[in-house]
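A.B. asks: My structure is below; once you've seen it, I'll send some questions.
All of the numbers you see were taken from the coordinates with simple rules; none came from a lab. This structure is a prediction, so every number in the text was calculated from the model and none was measured. Counting neighbours? That spans all protein chains shown, and the Cβs are built from the backbone with ideal geometry, glycine included.
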Amino acid sequence: MHTALLILAGLSFVAAQACFIAASLEWKELQWEVNERLPEGQKFEPMSWHIGTYLEFKRLRESVYPQSLRYKKARRLGIVGTLLFLFSVTIAYSALNYGPPTVILVFVFMMLGLIYFSQKWM
């Protein structure tokens with residue numbers, strides 16, 4: 001039972017990483033779409049991303065490309081990736097420390113939360 005739960009935690013972790021990579025690619029595509037609509041001198045090409053760059057990009061995106069489906073998709077992938085990551089860590093920790101009954105309850109509640117949040121932000 002513990003081995004199966006650890007495999008489930010590992011698969012959830014891999015799925016979370018895939019969601020994070022997909023979200024990063026969506027952000028990059030969104031940056032390219034915003035840059036296509038900006039004049040040559042105002043192109044947005046940061047060297048690194050931090051909260052200030054994110055806020056500046058958000059302002060640019062809202063003014064140039066307000067109805068972006070790519071933004072919603074990137075945000076959704078980030079949220080689902082975060083939930084999957086938390087799920088994998090919780091399942092692995094519970095499987096190693098508490099045993100199957102607790103793990104099953106945690107699994108059920110985490111899956112319900114994942115379903116709820118993924119449908120709420122779709």
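A.B. asks: Please work out how many pairs of lysine residues in the chain are eight or more positions apart (or on different chains) and have Cα atoms closer than 15 angstrom.
C.D. replies: 9
A.B. asks: Between Tyr65 and residues 5 or more places away or on another chain, which pairs have amide H atoms under 5 Å apart, with H built 1.01 Å from N, and which residues are they?
C.D. replies: Here the answer is none, since no amide H 5 or more places off falls under 5 Å of that of Tyr65.
A.B. asks: Over the chain, calculate the relative contact order: mean separation of alpha carbon pairs under 8 Å at least 6 apart, over the residue count, as a percent. Show your work: numbers first, answer last.
C.D. replies: Values: 95 pairs, mean separation 53.3, N = 122.
Answer for the chain is 44 percent.
A.B. asks: Would you kindly derive the ³J(HN,Hα) couplings of the range 58-74 from the backbone phi angles with the Karplus curve 6.51 cos²θ - 1.76 cosθ + 1.60 (θ = phi - 60°), listing them in order in whole Hz, with x for Gly and Pro?
C.D. replies: For the range 58-74, the Karplus curve yields 4, 4, 4, 4, 5, 7, 9, 9, x, 9, 7, 6, 5, 5, 5, 5, 5 Hz.
A.B. asks: What does the extension gain come out to for Leu11 and Arg75, with contour length at 0.36 nm per residue minus their alpha carbon separation?
C.D. replies: Details: separation 64, 0.36 × 64 = 23.04 nm, distance 2.16 nm.
Using 0.36 nm per residue and subtracting the Cα-Cα distance, I get 20.9 nm.
A.B. asks: Once the Cα atoms of helix 2-37 and of the chain are each reduced to a long axis, what angle between those two axes, in degrees from 0 to 90 to the nearest 10, is obtained?
C.D. replies: Taking the Cα atoms of the chain, the angle to 2-37 is about 10 degrees.
A.B. asks: Give me the percent of Cα-Cα pairs in the range 35-97 that sit more than 16 Å apart, rounded to a whole number. Provide the component values of the computation, followed by the final result.
C.D. replies: Working: 1229 of 1953 pairs.
For the range 35-97, the share of Cα pairs beyond 16 Å comes to 63 percent.
A.B. asks: Let me ask something additional. For an R0 of 30 angstrom, estimate the FRET efficiency from the Cβ-Cβ distance between Leu105 and Ala18 and round to the nearest 0.05. Can you show the working numbers first?
C.D. replies: On the way: r = 27 Å, r/R0 = 0.89.
The formula returns an efficiency of 0.65 here.
A.B. asks: If you don't mind, there's one more thing I want to ask. Counting other Cβ atoms within 10 Å, keep those with at most 14, restrict to DSSP loop, and tell me which chymotrypsin sites (Phe, Trp or Tyr not before Pro) in the range 38-105 are left. All intermediate terms of the calculation are to be shown ahead of the outcome.
C.D. replies: Values: sites: Phe44, Trp49, Tyr54, Phe57, Tyr71, Phe85, Phe87, Tyr93, Tyr98; in loops: Phe44, Trp49, Tyr98.
Passing both the DSSP loop test and the Cβ count: Trp49, Tyr98.
A.B. asks: Could you give me the percent of Cα pairs per 5 Å distance bin for the chain, shortest bin first, beginning at zero and ending with the bin that holds the maximum distance?
C.D. replies: Per 5 Å bin, starting at 0, the Cα pair percentages come out as 2, 11, 17, 17, 14, 11, 9, 8, 6, 4, 2, 1, 0.
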